[in-house]
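Inspection log for the structure reproduced underneath, given as structure tokens.
Nothing in this text is a laboratory measurement; each read-out follows from the coordinates by a stated rule. This structure is a prediction, so every number in the text was calculated from the model and none was measured. Here the Cβ is made from the backbone with ideal geometry for all residues, glycine too, and neighbour counts use every protein chain on show.
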């Protein structure tokens with residue numbers, strides 16, 4: 001007998017409904033506290049702080065997939081909906097979205113930055129893996145430099161092995177002017193931020209335009225150069241996307257820790273002022 005396994009859409013609907021019901025219950029709880037003339041700020045503030053701590057712990061769990069604590073995808077969904085709930089409680093807690101003063105204002109900016117980076121992380125986790133697998137070959141970020149060197153060395157060997165004098169002259173000039181700078185340098189910051197196929201198309205079009213000056217051997221070498229250009233461009237594309245994910249992770253984690261420390265300091269100050 002097989003058990004019913006809910007689809008992703010069904011799980012998302014259930015999680016969204018549960019989050020909305022939990023938030024509605026919390027709003028009702030805050031309303032009861034305020035109707036009793038109690039200060040609900042302590043309740044909402046502690047809830048926000050607890051939510052931040054849980055989100056950080058869930059983020060750590062997501063990056064330790066070897067632990068036998070359920071699938072990473074489930075914890076990712078819990079992280080997502082807990083983030084929505086915490087953001088809603090934060091809006092109840094603060095009188096204005098952007099607080100005044102260096103501590104409250106800094107905490108507000110940190111919370112907004114963490115929230116926005118979390119939304120970007122949601123987009124990146126859904127879209128970037130698809131884009132990474134769309135290109136040929138999968139390379140680790142710490143091995144990209146080695147692969148670049150291998151491609152550059154292969155290109156140099158292709159030119160050295162070319163026996164046809166006229167082809168060597170034509171391809172040699174193109175190599176020195178365009179291919180060597182391409183193979184021998186890292187992608188620009190503009191490319192890392194917004195990867196595009198402009199370099200690839202420019203070099204491939206240039207190699208195709210050389211066909212009329214080349215014989216059989218030269219055209220074969222030009223075709224092999226074109227294959228190396230494609231490999232190098234795919235490698236740079238993967239590098240840009242992986243680096244973007246790595247930088248997002250560092251930024252999001254750093255901002256989360258700063259928010260947690262600032263929230264604890266804020267909570268201690270608020271508790272001492274009211275006690």
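For this structure, a couple of remarks:
- Within the chain, helix-based [θ] at 222 nm, where runs of 4 or more DSSP H residues each add -39,500 (n - 2.57), nearest 500: -27000 deg cm²/dmol
- Ranked by how many other beta carbons lie within 10 Å on average, peptides 182-194, 211-223 from highest: 211-223, 182-194
- C-alpha long axis of helix 72-93 to longest principal axis of the chain, angle in °: 50
- Expressed as a fraction of 2.2 N^0.38 Å, the value expected for a compact globular protein of N residues, the C-alpha radius of gyration of the stretch 140-275 is 1.69.
- FRET efficiency, residue 254 to residue 100 (Cβ-Cβ, R0 35 Å, nearest 0.05): 0.90
- Along each principal axis, Cα extent of the chain, largest first, Å: 93, 60, 30
- Protection proxy ranking, peptides 16-29, 227-240, average beta carbon neighbours within 10 Å, highest first: 227-240, 16-29
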